[in-house]
Amino acid sequence: MEPTPTYFLLVILDIADFGQRRNPDQAWLRERMYGVVRRALAVAGIEAAHREDRGDGILLLLPGSVPKHAVLGAFVDALEAELRGHARLHREGPRVLRLRAAMHAGEVAWDGRGWVGADLNTAFRMVDVPALKRTLEAAPKAVLSVGVSEALHRAVVRHDYLGIDPVEYRAVEFSAKELTDETLWIRVPGYLEPPGLDVDASGPSGGPRQDGGAPSGRAATAGPPAPAGNSGIGVVHGGIQGVGVNQGEIRQYWQPGSSPAPAEVAELKSHLEQLRAELREARSRHEIDDDTYAGATAELDEARRHTTAPDGAGRRPLLNALRRLRDLVENASGLAVTVAALIRLAGGEV
């Protein structure tokens, strides 16, 4: 009987530099990877998932009933948080766990031995795109890089759903085996844009896409669809500046927010340093243990790196670091209150 195709959301996870590890370390990493993925799925509320072992990775087949924005948003965020938790204990050496993820959707079928389908083949080509690998190599503090197909980007990412920021994605073109001139949208959580894509690596290996007006050698920037009959650019920061053409109903799509004022940056940095002192005091009083202190300090350093990021979408890495820090110290009520106040100061919701 011919296999019956079924629509799935396809997620392929691959351990970076897996082949460079010794056999005992490979087995240890595989066990940790399964735990990380299981917990991330639970946090995102995704219960129905077929898992297939791929040696150095996992294939997840999620039914069409699973909301795509939950996978691209909550699941990716939870996966990064789990990987960062692992990284606090294993920052270097053979047990560092970093993942590449490829996400696509389409029809696949079970033939009695395994899953087959052209869309599945495409997903496996995506996870091996050199540009996706290059982003992790160029981002030493990253634990995850995510590649999303053009179809999923068009259907989900570009619509700016809650928890998904299209500004963080960049497009690259790639060709591999049966695929020619396909597009992969790359994001590296924790970075305003994926590093390592500025080099001129055009061609079959997966170089930056040259879309109308994109600077030579740079990946194209994701953005909302332009409204018919109107165009404009502008910045909102205490007022509105902009130029545009109106040919009907006026609508404005803004560029990412402007940089915060120096006084605001100085105030935020001052509060972060006060929090650092409170963390040290909490550890000395045994309100938090050494592991929690180390993890909280790492997230504090990450937040400080992004204090000068633009308002709006650019603040997401800073706010994500503060939220992870808050989760780490949730049992120390005084610290949790302080972090919640910092999140509000940085323009986020607690």
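The values are calculated or read from the model by the stated rules, or taken from the named source; none is laboratory data. Only a predicted model underlies this, so the values are computations on that prediction, with no experimental measurement involved. Every residue, glycine as well, gets a Cβ built from its backbone with ideal geometry; the counts of neighbours run over all protein chains shown. Each accessible area value is taken on the protein alone, full model and side chains, heavy atoms only, with ligands, DNA and RNA left out. Shrake-Rupley method; radii C 1.70, N 1.55, O 1.52, S 1.80 Å.
Points to keep in mind about this one:
- Complete set of residues in the range 267-278 that are open to solvent by less than 60 Å² (accessible area, probe 1.4 Å) and over 27 Å from the mean Cα position of the chain (by Cα): SER270, ALA277
- Residue selected from the range 1-34 under the condition touching a Gly at 6+ places or on another chain (Cβ under 9 Å) and part of a loop (DSSP other than H, G, I, E, B), by the criterion most open to solvent (accessible area, probe 1.4 Å): PRO5
- Cβ pairs under 8 Å, 6+ apart, first in the range 318-347 and without any contact (Cβ under 8 Å) to a residue 12 or more places away in the chain, second surrounded by fewer than 17 Cβ atoms within 10 Å (Cβ to Cβ) and not in a helix (DSSP H, G or I): ALA336/GLU330; ARG344/VAL350
- For the range 66-80, a residue qualifies if it is open to solvent by 20 Å² or more (accessible area, probe 1.4 Å) and within 20 Å of LEU132 (Cα to Cα), and exactly one does: ASP77.
- Residues in the range 167-201 that are at positive phi and touching a helix residue (DSSP H, G or I) at 6+ places or on another chain (Cβ under 8 Å) were compared, and the one that is most open to solvent (accessible area, probe 1.4 Å) is LYS177.
- Flag if ARG125 is touching a residue at least 40 places away in the same chain (Cβ under 8 Å), more than 22 Å from GLU31 (Cα to Cα), part of a helix (DSSP H, G or I) and not aromatic (Phe, Trp, Tyr): yes
- Scan of the range 143-166 for residues that are open to solvent by 30 Å² or more (accessible area, probe 1.4 Å) and out of contact with any strand residue (DSSP E or B) (no Cβ under 7 Å at 6 or more places or on another chain), ordered by number: ARG154, ALA155, ARG158, HIS159, ASP160, TYR161, LEU162, GLY163
- Complete set of residues in the range 125-139 that are open to solvent by 40 Å² or more (accessible area, probe 1.4 Å) and over 16 Å from PHE18 (Cα atoms): ARG125, ALA138
- Any hit, the range 90-99, residues being under 13 Å from LEU10 (Cβ atoms) and surrounded by 16 or more Cβ atoms within 10 Å (Cβ to Cβ): no
- Residues of the range 35-61 classified as surrounded by fewer than 17 Cβ atoms within 10 Å (Cβ to Cβ), touching a residue at least 40 places away in the same chain (Cβ under 8 Å) and within 18 Å of the chain's Cα centre (by Cα), total: 1
- Selected residue [within 28 Å of ALA296 (Cα to Cα) and either in contact (Cβ under 8 Å) with a residue 40 or more places away in the chain or hydrophobic (A, V, I, L, M, F, W, C) (or both)] from VAL116, VAL156, VAL146: VAL146
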